[in-house]
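Only one structure is covered here, and it is reproduced in the block below.
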Amino acid sequence: MESISVAELESAAAIVHRHMLPTPQIAWPLLRARTGCEVWVKHENHTPIGAFKIRGGLVYLHHLKAEQPNVRGFISATRGNHGQSLAFAGARAGIPPTIVVPHGNNPEKNAAMRALGAQLIEHGHDFQEALEFTRKLATEKGLHLVPPFHPWIRLGVATYALEFFRAVPDLDTVYVPIGQGSGICGVVAARDALGLSIRIVGVVAENAPAYKLSFTAGQAVTTESADTLADGVACRVPDVTALAIILRGVDRIVSVSESAFVDAMAYYFTATHNVAEGAGAAPLAALMAESEVMAGRKVGLVLSGGNADATLFSRVLDRAKAFV
């Protein structure tokens, strides 16, 4: 995939900023105390949908509308944040969204997508089965298929890294969760466009290790399941284009246990009073695991998103009592 220029990033940022303000980046003292690092958090949980995905949806549909002004509708698969992004952007572009989620998906994310105007369809037991079903429906219904990874999506989500690196250009390392790969590939693009030497660390779930296995093998490795509470990183089939960018531009990939997700979500709440879903807390979980080797460094964490459901977060609040 071709590199992205600063001018292209700035053009994409202009599209995004028509609909939302840049998100803040904050250095939290209690995170420094816990990790021994100067920790800067990029608060993508503060977007209108609580996740960085909104940026990719806005840029993708902007370009789709320009190229296909008569498009009748689109379809995509999601575990929640990608779907919210597209529903938000579809309403503004005047393109009706159809979103497919697996059975048992986060009910609060489902409700949010419906409230944003999406027609929601439940199919399959995980994201991959929902994704494969969208390909069938797209053909049957004559809908444009929005993939989970695409150059326009990568360009859009890269705008959060542009904001982050311009605000805090001297980071040593930034930790980024990996779902289908658009977020971390956007971070690689912004770092390279700005000519910075920041190390990028990807974070996955131990129960959904496809990208870590693929990184180690140097080629795509699929898994049979991706059963993790962190639905934003519940991937079992890596995108080969995203993987190529990750292999070229990422320092390492760290895997996080289910209990470590809960600990990090709890610590975010007690240290910053921000709600983080599992994928949003993944970077903090990874840094907490690597705090000894990272001590004294200036570190960035991407907090995206903040859409934990009430049942899960009740567990988190119980765990948070240990950190008070």
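The values are calculated or read from the model by the stated rules, or taken from the named source; none is laboratory data. If you're wondering where the values come from, they're calculated on a predicted model, not measured in any experiment. All Cβ positions, glycine included, derive from the backbone under ideal geometry; neighbour counts span all protein chains shown. These area figures cover heavy atoms from the full protein model, side chains too; ligands, DNA and RNA do not enter into them. Shrake-Rupley method; radii C 1.70, N 1.55, O 1.52, S 1.80 Å.
Each Lys and Arg adds +1 at its Cβ and each Asp and Glu adds -1 at its Cβ; summed about the Cα centre, the chain shows a dipole of about 580 debye. Note on segment 1-141: Cα-Cα pairs beyond 25 Å make up 38% of the total pair count. Normalised by the number of residues in segment 192-289, the average gap of Cα pairs under 8 Å and 6 or more apart makes the relative contact order 31 percent.
Please work out the Cα center distance from segment 182-215 to segment 310-324, rounded to the nearest Å. What the calculation gives is 29 Å, centre to centre. Lysine pair count for the chain with Cα-Cα distance under 28 Å and sequence separation of 8 or more or different chains is 20.
Kindly state, as a whole number, the per residue volume in cubic angstrom of the convex hull around the alpha carbon atoms of the chain. Write down the numbers at each step before the final one.
Values: hull volume 37.4 nm³, N = 324.
Roughly 115 Å³ of hull volume per residue.
Sort segment 131-226 into rounded, prolate or oblate with this rule: let a ≥ b ≥ c be the square roots of the eigenvalues of the Cα gyration tensor; rounded if a/c is under 1.5, and if a/c is not under 1.5, prolate when a/b is larger than b/c, oblate otherwise. In terms of gyration-tensor shape, oblate.
Between rounded, prolate and oblate, where does segment 164-310 land on the alpha carbon gyration tensor, with a ≥ b ≥ c its root eigenvalues, rounded for a/c under 1.5, else prolate if a/b exceeds b/c? Judged from the Cα gyration tensor, segment 164-310 comes out oblate (a/c at least 1.5, b/c at or above a/b). Within the listed set Ala161, Ala33, Ala205, the residue fluctuating most in the Gaussian network model of the chain (springs between alpha-carbon atoms under 10 angstrom) is Ala33.
Return the loop-located trypsin sites (Lys or Arg not before Pro) in segment 58-157 (DSSP other than H, G, I, E, B) with at most 12 other Cβ atoms within 10 Å of their own Cβ; answer none if there are none. It would help to have the intermediate numbers written out before the result.
Values: sites: Lys65, Arg72, Arg79, Arg92, Lys109, Arg114, Arg135, Lys136, Lys141, Arg154; in loops: Arg72, Arg79.
For trypsin sites (Lys or Arg not before Pro) across segment 58-157 that sit outside H, G, I, E and B with at most 12 neighbouring Cβ atoms in 10 Å, the list reads Arg72.
With both partners inside the chain, how many of the DSSP beta bridges are antiparallel, as a percent to the nearest 5? Of all bridge pairs located within the chain, approximately 10 percent are antiparallel.
Approximating the spin labels as points 7 Å out from Cα along Cα→Cβ, the Ala111-to-Arg297 distance works out to 4.0 nm. Give the angle, between 0 and 90 degrees and rounded to the nearest 10, that separates the Cα long axis of helix 151-167 from the longest principal axis of the Cα atoms of the chain. Roughly 30 degrees between the two axes. Selection among Ala322, Gly90, Leu196 by position relative to the dipole of the chain gives Gly90 as farthest towards the positive end (Cβ unit charges, Cα centre). Of the accessible area of the chain, computed with a 1.4 Å probe over protein heavy atoms only, carbon and sulfur atoms account for 51 percent.
Select from Gln128, Gln180, Gln68 the residue whose mean-square fluctuation is largest in a Gaussian network model of the chain (Cα-Cα springs shorter than 10 Å). Checking each option, the largest mean-square fluctuation is seen for Gln68.
Computed with a 1.4 Å probe over protein heavy atoms only, the accessible surface of the chain comes to 38 Å² per residue. Our helix-only sum for the chain, with -39,500 (n - 2.57) per DSSP H run of n ≥ 4 divided by its residues, gives a mean residue ellipticity at 222 nm of -15000 deg cm²/dmol. For segment 3-115, relative contact order (Cα pairs under 8 Å, six or more residues apart, normalised by length) works out to 20 percent. For the chain, set up a Gaussian network in which alpha carbons nearer than 10 Å are linked by springs, and say which option among Gly195, Gly179, Gly90 fluctuates the most. Highest fluctuation among the options: Gly195. Taking every alpha-carbon pair under 8 Å whose residues sit at least 6 apart, the chain reaches a relative contact order of 21 percent.
So for segment 244-324, what are the equivalent ellipsoid semi-axes in whole Å, largest first, each being the square root of 5 times an eigenvalue of the Cα gyration tensor?
24, 15, 11
Comparing Cα centroids, segment 9-73 and segment 86-113 end up 18 angstrom apart.
Can you say what percent of the DSSP beta bridges in segment 1-146, counting only those with both residues inside, are antiparallel? Round to 5. Could the numbers behind the result be given before it?
On the way: 3 of 13 bridges.
Close to 25 percent.
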